[in-house]
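Q: Before I ask anything, let me first share the structure, which is written out below as structure tokens.
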Amino acid sequence: MSKRWWFGAAFVAAASAAAAYLLDPQNGKARRIRVIERSGRMARNVERGTTRQARYAWHTIRGRIGHLASGDSPDPAEDRALLDRVESEVFADRSIPRGRVTFEVEGTDIILRGQLDSADDMHHIEEAVRKVPGVTGVTSLFHMPGTPAPNKAAALAASAEAARSTNHGTKARPRDRTT
């Protein structure tokens, strides 16, 4: 027996079961009414969903055409929206360590901070951030383990110089607080 025969037999069996279910002398009428009501509800839901999707597509196209016709570009994203966009697109790559990288937004510029193990990781993250729509500039303050952050190097050097000039090589004594 071929596959076609089996499909035909399965179809006849299903049609027979449906006919017996719907033409039952005791409950058949109520079942038929229920099937008609449910199919009507399903048709209305499909119609509403299709109408909603068509309306969304129409308004989206109309808005894009309006932007193209006027020559305006859409407003840049707000700081929080841009930060969310950057985080969602960059952290979609599972190889980027989520807890070791932070982002700050200043206008449409992104500042990257964190301690990473390799220069390749730093470059990879910088390039991923540059590709995000709405980002106009990227400032990287990444550093390797054991090295100070780029924005801290000048501050640490100034602090060390200030400490050398005020102490003149002597350690400061703690004040006596017993009196």
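Q: Kindly indicate the residue of region 73-85 that is over 8 Å from the mean Cα position of the chain (by Cα) and modelled with pLDDT of 85 or more and also farthest from Q115 (Cα to Cα) among those meeting that condition.
A: Only one residue fits best here, namely A81.
Q: Of the residues that sit in region 91-107 and are of a type in the set (A, V, I, L, M) and in contact with a strand residue (DSSP E or B) (Cβ under 8 Å, 6 or more places away or on another chain), which one is farthest from F142 (Cα to Cα)?
A: V105
Q: Filter region 98-122 down to the residues that are aliphatic (A, V, I, L, M) and touching a Ser or Thr at 6+ places or on another chain (Cβ under 9 Å) and list them by number.
A: Listed by number, the residues that qualify are I110, I111, L112, M122.
Q: Is it the case that region 169-179 has a residue that's assigned to a loop (DSSP other than H, G, I, E, B), among the hydrophobic types (A, V, I, L, M, F, W, C) and either assigned by TED's automatic domain parsing to the domain that holds R100 or modelled with pLDDT of 75 or more (or both)?
A: Scanning region 169-179, I find no residue that is assigned to a loop (DSSP other than H, G, I, E, B), among the hydrophobic types (A, V, I, L, M, F, W, C) and either assigned by TED's automatic domain parsing to the domain that holds R100 or modelled with pLDDT of 75 or more (or both), so the answer is no.
Q: Pull up region 126-149, narrow it to residues that are surrounded by fewer than 12 Cβ atoms within 10 Å (Cβ to Cβ) and under 14 Å from R113 (Cα atoms), then point me to the one that is farthest from the chain's Cα centre (by Cα).
A: T147
Q: Tell me which of these A18 doesn't satisfy, since it passes every other one: (1) small (G, A, S); (2) closer than 30 Å to F142 by Cβ; (3) surrounded by fewer than 13 Cβ atoms within 10 Å (Cβ to Cβ).
A: (2)
Q: Before we move on, is I33 of a type in the set (V, I, T) and over 20 Å from the mean Cα position of the chain (by Cα)?
A: Yes; evaluated as a whole, the condition is true for this residue.
Q: State yes or no: is A57 in a loop (DSSP other than H, G, I, E, B) and within 24 Å of the chain's Cα centre (by Cα)?
A: No: the conditions fail for A57.
Q: Still on this structure: Identify all residues within region 122-140 that are part of a helix (DSSP H, G or I) and touching a residue at least 24 places away in the same chain (Cβ under 8 Å); write none if there are none.
A: The answer is H124, I125, A128, V129.
Q: Which condition breaks for E47 when tested against (1) at pLDDT below 90; (2) assigned to a helix (DSSP H, G or I); (3) surrounded by 10 or more Cβ atoms within 10 Å (Cβ to Cβ)?
A: (1)
The values are calculated or read from the model by the stated rules, or taken from the named source; none is laboratory data. Quick caveat, the model's predicted, so the values are computed rather than measured. Heads up, the Cβs are rebuilt from the backbone with ideal geometry, glycines too, and the neighbour counts pull from every protein chain shown.
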